[in-house]
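Participant: Pasting a structure below so you can have a look.
Derivation of every value follows stated rules applied to the coordinates shown; laboratory data play no part. Quick caveat, the model's predicted, so the values are computed rather than measured. Every residue, glycine among them, receives a Cβ derived from its backbone with ideal geometry; neighbour counts consider all protein chains shown.
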Amino acid sequence: MTDITIPLIIGSAMIDSINPCAFAVLIFLIMYLLAIKNRQKMLLIGLVYIAVVFAVYFLAGLGLLSFIASVHLTRFFYFFTAGVAIILGLINLKNAIFNDKPFLAIPESRKPLLQKYIKKATLSAALILGILVAIFELPCTGGVYLAILSMLAGKNSFGSAVFYLLFYNLIFVLPLILILLAVYFGLPPEKFEKWRTEKKKIMRLILGLFLIGLGVLMLVI
């Protein structure tokens, strides 16, 4: 089994964090809040949204990690997630190369629900939005996260596995925090939205290649 390391955690979390799903929701939320001319409110609601995304991802990972350890499925789960990573990587590559409509994305049927809470622009709405986004965007981010969880499940110390999981999720939400702070201090959110739209294909290509490489690495080492 592939050993988990800090560089692998950082690299995986950074690749995972560039998914277009989480970026899009945060940017639209910020743009709406700026339209009502309240930067303090934008910062607070944005931080609540990011904190909830972090908490849901961390708790979901912790729950799955505990379940795998308790039923002794570590080795099976490891090879299963290696295969899943390769398959999801190929899907992302296909979407990027042929410019297909992304299969691994927030479902169109769920977007009106997300927009409803974006427009509410309240702390409670940000909390609900964070939970919904964390659930709906799992198809975008689940491949890398599952692979990392399978490696963590093989660690002898549950405490060190939890530390790595916490560190992974902090790196995962870091780009969202940086975007929020950049807009708060005056950078137009439209620039981030333009960048996200223009680089969507490249981001999917990078994610696809990384997932395939990670899956192969898990199988051969």
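Participant: Using the Karplus equation 6.51 cos²θ - 1.76 cosθ + 1.60 (θ = phi - 60°), what ³J(HN,Hα) coupling, rounded to whole Hz, does each residue of the stretch 205-220 give in order, writing x for Gly and Pro?
Facilitator: Along the stretch 205-220, the couplings run 5, 4, 4, x, 5, 5, 4, 5, x, 5, x, 5, 4, 5, 7, 9 Hz.
Participant: Also: From the phi angles alone, apply the Karplus equation (6.51, -1.76, 1.60; θ = phi - 60°) to the stretch 75-84 and give each ³J(HN,Hα) in whole Hz, x where the residue is Gly or Pro.
Facilitator: For the stretch 75-84, the Karplus curve yields 5, 4, 4, 4, 6, 4, 5, 4, x, 4 Hz.
Participant: What's the exposure ranking of 205, 26, going from fewest to most Cβ atoms within 10 Å?
Facilitator: 205, 26
Participant: Can you give the longest run of the chain that contains no chymotrypsin sites (Phe, Trp or Tyr not before Pro) sitting in a DSSP loop with at most 14 other Cβ atoms inside 10 Å?
Facilitator: Excluding the exposed sites themselves, the longest stretch runs over 1-102.
Participant: How would 144, 216 line up from fewest to most surrounding beta-carbon atoms within 10 angstrom?
Facilitator: So the ranking, lowest neighbour count to highest, is 216, 144.
Participant: Can you tally the lysine pairs in the stretch 6-220 where the Cα-Cα distance is under 16 Å and the two residues are eight or more apart, or on different chains?
Facilitator: Taking the stretch 6-220 as the scope, the lysine pair count is 15.
Participant: Whole angstrom only: what separates the Cα centroid of the stretch 182-204 from the Cα centroid of the stretch 112-178?
Facilitator: Value for the Cα centre distance between the two parts: 20 Å.
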